[in-house]
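The values are calculated or read from the model by the stated rules, or taken from the named source; none is laboratory data. In this text, all values refer to a predicted model and were calculated from it rather than measured experimentally. All Cβ positions, glycine included, derive from the backbone under ideal geometry; neighbour counts span all protein chains shown.
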Amino acid sequence: MSDKPIFDFEAVFEPEDYLYFYGDRITEERTKRELEFLIKELELEREMKILDLGCGHGRHANRLAELGYSITGIDITKGFLEIAKTDAKKKGLDVRYIQEDMRKISFSNEFDRVLLLFTSFGYFEDNENFKVIKNVARALIPGGLFCFDIFNRDAFLKNFLPYIVTEKGDDLMIDRHTFDSVTGKLYNKRIVIRDGKKKDKPLFVRIYNPTEIKELLSRAELNIHKIYEDWSGKPFTSHSKRMIIIAKKE
């Protein structure tokens with residue numbers, strides 16, 4: 001297994017550009033709705049230990065800590081973690097933040113719940129994506145739950161958009177998509193233009209269908225417990241563009 005990222009994570013998830021263009025999508029209202037879902041569907045209790053994998057700038061971790069939960073946040077991107085730690089310190093929150101590659105975490109039977117949110121899964125080759133799932137399974141206690149949300153490949157391809165342009169004033173984020181049906185990878189030749197300066201930020205994400213996800217989880221001895229279409233708790237169907245999956249370690 002290669003320990004090197006497949007693409008430049010620090011460039012793609014550089015906080016200044018990422019939060020600038022994604023700000024309208026990750027609002028306080030959205031975060032509140034997601035947290036309400038997680039608390040209800042994961043049956044969160046105060047004494048539980050929660051791992052927020054791919055925690056980013058602490059959008060969920062710090063809010064959960066505010067509500068009294070014991071949180072560990074892990075991300076590979078230094079800039080995001082600095083924002084998360086600064087916010088936690090400002091609010092007087094006790095959150096354990098660790099900079100680490102999710103392929104390399106080595107927790108064992110430590111967490112009651114694991115979160116991997118906002119399409120934070122699928123950024124590696126298939127064997128390494130499976131390694132992430134295995135790491136999650138090992139980190140969970142027996143009976144623990146794992147929640148992650150990703151695209152549903154079947155519905156995604158029916159509504160495939162080769163170009164998506166995000167505008168912020170005179171600034172642009174241009175996503176140019178191509179899909180490889182053999183590997184299941186969605187390639188994105190992302191271009192960011194800010195203050196007249198152009199940056200190339202290419203990336204890819206592996207897109208799975210429900211059958212593939214079920215098989216992947218099963219290999220790691222995790223079983224699908226529940227699956228939803230969105231954060232309102234709408235039931236998943238073959239037409240759902242996204243999957244919010246809750247898996248259980250038996």
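Filter the stretch 217-230 down to residues that are buried (at least 18 other Cβ atoms within 10 Å of the Cβ) and under 26 Å from D175 (Cβ atoms), then give me how many there are. Number of matching residues: 2. In summary, strands (runs of 3 or more DSSP E) completely within the stretch 140-250 and bearing 2 or more residues that are under 24 Å from T31 (Cβ atoms) occur at 140-151, 163-168, 171-180, 203-206, 222-228, 242-249.
Only one entry of K168, K131, K185 meets the criterion of being farther than 22 Å from C55 by Cα and in contact (Cβ under 8 Å) with a residue 40 or more places away in the chain, and that entry is K168. Just wondering, is there one or more residues in the stretch 39-52 that are part of a loop (DSSP other than H, G, I, E, B), in contact with a strand residue (DSSP E or B) (Cβ under 6 Å, 6 or more places away or on another chain) and not assigned by TED's automatic domain parsing to the domain that holds Y187? There is at least one residue in the stretch 39-52 that is part of a loop (DSSP other than H, G, I, E, B), in contact with a strand residue (DSSP E or B) (Cβ under 6 Å, 6 or more places away or on another chain) and not assigned by TED's automatic domain parsing to the domain that holds Y187. For the stretch 231-244, a residue qualifies if it is farther than 19 Å from G122 by Cα, surrounded by fewer than 17 Cβ atoms within 10 Å (Cβ to Cβ) and touching a residue at least 12 places away in the same chain (Cβ under 8 Å), and the qualifying residues are S232, G233, S238, H239.
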